[in-house]
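Here is the structure we will look at, set down as structure tokens.
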Amino acid sequence: MNTRGGAIDSQNCVIQNLKSKFQNKMPVPVFDVREVTFRYNKVVALDNLSLSIAPGQRVALMGANGSGKSTLLRMLNALAYPENGSILFCGVPLTEERLQTPEFAYPFRRRVGLVFQNPDVQLFSPTVFDEVAFGPLQLQWSKAEVIAKVEAMLEMMKITHLRDRSPHHLSTGEKKRVTLASVLVLDPEVLLLDEPTAALDPKSASQMIDFLVGVRGGSKTVITSTHDLDIVKDIADQCFVFQTGQLVARGTPAEILRQTAMLEQTNLVHVHRHIHDGGEAHSHPHIRPHAHPHKH
């Protein structure tokens with residue numbers, strides 16, 4: 001990979017790793033987080049954190065509010081930088097200096113997209129169409145290509161009927177679909193999602209989960225922060241559990257959901273009393289996803 005002058009190779013990590021496999025080289029993680037520490041003023045958000053994420057993985061970053069999940073997503077999107085340690089994207093260090101060079105910044109911003117937990121942070125255009133078209137216009141796509149890609153994305157996200165509406169007058173679920181469309185229109189290699197089902201009604205949450213299930217086995221790397229155990233098996237192949245900025249557990253969803261004591265310790269499950277038929281009361285933790293019908 002050529003890093004001279006801050007440039008970044010246009011090939012994605014999946015292609016690089018296919019080449020590495022045939023050349024008997026070690027695979028290159030899409031993200032390699034090495035002993036990263038980050039503070040907000042004097043409050044530690046990430047504490048000597050190390051982890052790596054392979055291309056094509058669907059990853060869940062799990063933890064209670066304030067555990068460091070959102071901070072890590074911002075750093076993976078190069079919106080903040082480590083106080084100590086380093087983060088590499090496809091083998092190239094993410095630094096403030098490198099992100100100031102167009103040769104690196106433009107390809108990186110196209111390859112990595114972040115959808116914030118609060119969609120109002122991301123929405124600023126007068127119409128939904130303008131919102132989804134903003135990224136392609138910044139990349140100087142032709143007018144015909146912009147129109148075609150935006151129309152196709154509106155159709156895919158089932159928001160064509162919102163085309164001429166103001167994003168700020170939509171429901172939370174509609175806003176989240178618009179922000180997701182504004183990122184997906186660039187066809188990013190990596191998708192970062194911060195609590196994508198938070199504050200959604202059941203139907204909107206189900207639509208978001210359907211999307212995350214649909215990217216399984218594809219070429220995209222999808223990293224989702226969540227504290228909702230109900231959806232982890234559907235949206236992830238690998239989980240990282242955070243507590244006060246540190247990584248306390250990692251494994252498959254099935255492996256993580258079996259660790260009751262750890263989930264209680266990290267405030268991912270709670271214990272409360274139930275009254276069953278006959279008036280008998282008892283307490284137990286809620287861990288397993290609730291039963292719900294599936295469509296295959």
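Peptides 150-163, 127-140 ordered by packing proxy, namely the average of other Cβ atoms within 10 Å per residue, highest first: 127-140, 150-163. Near the amide H of residue 246, within less than 5 Å, lie the amide hydrogens of 47, all on another chain or at least 5 residues away, with H placed in the peptide plane. Normalised by the number of residues in region 4-285, the average gap of Cα pairs under 8 Å and 6 or more apart makes the relative contact order 24 percent. Distance from the Cα centroid of region 194-211 to that of region 42-121 is 22 Å (rounded to whole angstrom). At q = 0.16 Å⁻¹ the log10 of I(q)/I(0) for region 4-285 amounts to -1.36, computed by Debye summation with a single uniform scatterer per C-alpha, solvent ignored. Within the shell defined by Cβ-Cβ distances under 13 Å, the residues around residue 166 carry a net charge of -2, with Lys and Arg each +1 and Asp and Glu each -1. A crude spin-label estimate for the pair residue 139 and residue 100, with each label 7 Å from Cα along the Cβ direction, gives 2.6 nm.
Distance check, please: which entries in 149/175; 69/158; 143/203; 42/233; 69/149 exceed 27 angstrom between their Cα atoms?
69/158; 143/203; 42/233; 69/149
Given a Förster radius of 30 Å and the C-beta distance between residue 83 and residue 121 as r, what FRET efficiency does 1/(1 + (r/R0)^6) yield to the nearest 0.05?
Efficiency, from the Cβ-Cβ distance: 0.80.
For region 152-245, the relative contact order comes to 26 percent (Cα pairs under 8 Å, sequence separation of at least 6). By the count of other C-beta atoms within 10 Å, a proxy for reagent exposure, 106, 40 are ordered fewest to most as 40, 106.
All of the numbers you see were taken from the coordinates with simple rules; none came from a lab. Model, not experiment: these values are computed from the prediction. Here Cβ is always computed from backbone atoms with ideal geometry, including for glycine, and neighbour counts include all displayed protein chains.
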